[in-house]
Amino acid sequence: MTWSDLVQIISKLRSPEGCPWDRKQTHESLKRFLLEETYELFEAIDEENPEAILDELGDVLLQVLLHAEIAREKGAFSVDDVIQNLGEKIIRRHPHVFATAGNIETADEVSKTWDAIKKTEKGLAERTSVLDGVPKVFPALMRAEKIQKKAAKVGFDWDEPLDVLDKIEEEIQELKDALQGGIQAELEDELGDLLFATVNLARFIEVDPELALDQATAKFTERFHLVEAYAKEEGLDLNDLDLDGLNLLWDRAKDQLRKNPQA
């Protein structure tokens, strides 16, 4: 199977003699599938499963090829144009590899060079704010982190992680005050400020907030599954237990996982 064979297969799927489902797809209708396939690739990577990674990479590539074929049919561009554009962009943004731009030895230096080159590219030079370029459709945690990083590049940032912790404590107090008022709009506003400040802390201590939250959710899920297992062993119905009873099972699950992380 060659690249050309694969492109022809996608073209056949979209042809009048092809698949009815593939023929009816548009850029808009495919958006959700690209997102789903990307998350499935993330899961395969997290599971360190090479066979699954291989398979999911193919599914992501399928989405790219479908989008490129739809664009070709409309006379906008082809997959060859996508490849050409990507290759040129990679070379242009890596002058330290493909040209004589001096020695760049650290990731920070690469990042600064990358940003400087991006500002000269078509469309990017027209941005009016340092915060431009962060898609509004990003997941909220990711978007917050990207916005904060852009602001930090012009010096609008905290000095130390402890300063961010002080801000988090301030936001917690403001959220407590909002709880006393009980006004939903104020609660949403203060909780948003608290989450935004927490993302700032994650950035300072070099922790991916999306990954950290995902790991915390996975940990909670693992513990709760044990709680359910213990309840079943003892013939208990979780719905009949009060909070104290549930917490006893929860503490038991925590102790078990602490003693045997592989349980």
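Using the reciprocal of the averaged 1/r over all distinct C-alpha pairs, how large is the Kirkwood radius of region 210-261 in Å?
Values: mean 1/r = 0.0863 Å⁻¹.
Answer for region 210-261: a Kirkwood hydrodynamic radius of 11.6 Å.
Rounded to the nearest Å, what's the spacing between the alpha carbon centres of region 6-23 and region 234-262? Just the number, please.
With region 6-23 and region 234-262 each reduced to a Cα centre, they are spaced 53 Å.
Could you work out the relative contact order of the chain? I mean the mean sequence separation of Cα pairs under 8 Å and 6+ apart, divided by the number of residues, in percent.
On the way: 142 pairs, mean separation 23.0, N = 263.
Relative CO of the chain lands at 9 percent.
For the chain, what does -39500 (n - 2.57) per DSSP helix run (n ≥ 4), summed and divided by total residues, give at 222 nm, in deg cm²/dmol to the nearest 500? Before the final figure, lay out each step's value.
Working: 12 runs with 190 residues, N = 263.
The helix-only estimate for the chain comes to -24000 deg cm²/dmol at 222 nm.
Please enumerate, by chain and number, the aspartates and glutamates with C-alpha under 20 Å from the C-alpha of K12, excluding those fewer than 8 residues away in the same chain.
Candidates past the 8-residue exclusion: D22, D59, E69, E73, D80, D81.
Over 34 Å apart: what share of the alpha carbon pairs of the chain falls there, rounded to a whole percent?
On the way: 15395 of 34453 pairs.
Cα-Cα pairs in the chain separated by more than 34 Å: 45 percent.
With +1 on each Lys and Arg Cβ and -1 on each Asp and Glu Cβ, how big is the dipole of the chain about its Cα centre, in debye rounded to the nearest 20? Can you show the working numbers first?
Numbers: 32 positive and 57 negative charges, 324 e Å.
In total the dipole reaches around 1560 debye.
Pick out, from L226, P135, T198, the residue whose Cα sits farthest towards the positive end of the charge dipole of the chain, with +1 on the Cβ of Lys and Arg and -1 on the Cβ of Asp and Glu.
P135
Taking only complete DSSP H runs, can you tell me which helices of the chain stretch 15 Å or more along their own long axis by Cα positions and average at least 0.5 on the Kyte-Doolittle scale? Intermediate results must be reported in sequence, preceding the final value.
On the way: long enough: 3-14 (17 Å, 0.24); 27-46 (28 Å, -0.42); 50-73 (34 Å, 0.48); 79-92 (20 Å, -0.04); 107-120 (20 Å, -0.93); 140-152 (18 Å, -0.45); 161-181 (30 Å, -0.53); 184-204 (30 Å, 0.20); 209-233 (36 Å, -0.42); 243-259 (24 Å, -0.87).
Once both thresholds are applied, nothing remains.
Hey, what does the equivalent ellipsoid look like for region 3-92, semi-axes from the Cα gyration tensor as sqrt of 5 times each eigenvalue, largest first, whole Å? All intermediate terms of the calculation are to be shown ahead of the outcome.
On the way: eigenvalues 108, 68, 30 Å².
Semi-axes (√(5λ), whole Å): 23, 18, 12.
No lab work stands behind these numbers, since they all come straight from the coordinates. These numbers were taken from a predicted model, which means no experiment stands behind them. So basically every Cβ, Gly included, is an ideal-geometry build from the backbone, and we count neighbours across all protein chains shown.
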